[in-house]
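Derivation of every value follows stated rules applied to the coordinates shown; laboratory data play no part. Because the structure is predicted, anything quoted here is derived from the model rather than measured. Reconstructed Cβ throughout: ideal geometry from the backbone, glycine too, with neighbour counts over all protein chains shown.
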Amino acid sequence: MYVYINSEPGLWTVGFYRPDGKWEPESDHDNKEAAAERVAWLNGSRPTLPQSVQEALNSGDGVYRP
């Protein structure tokens, strides 16, 4: 499982702990929100569509019009 840590002031590092306890970094971020978003993505969470987009997709006749 991926997690993030505050590795130094103003820097959040995403990574995971190996079974032997060694830290394996994956990426660095300037804020914890970005780190949390990356962790969620790596752990399998996928963003959902905004409600307005979801409603638009569900209200049409199924025909794509660019």
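For the listed peptides 13-22, 33-42, a ranking on the average number of other beta carbons within 10 Å per residue, highest first, reads 33-42, 13-22.
Taking each residue as 0.36 nm, the span from E33 to I5 lengthens on full extension beyond its C-alpha to C-alpha distance by 8.9 nm.
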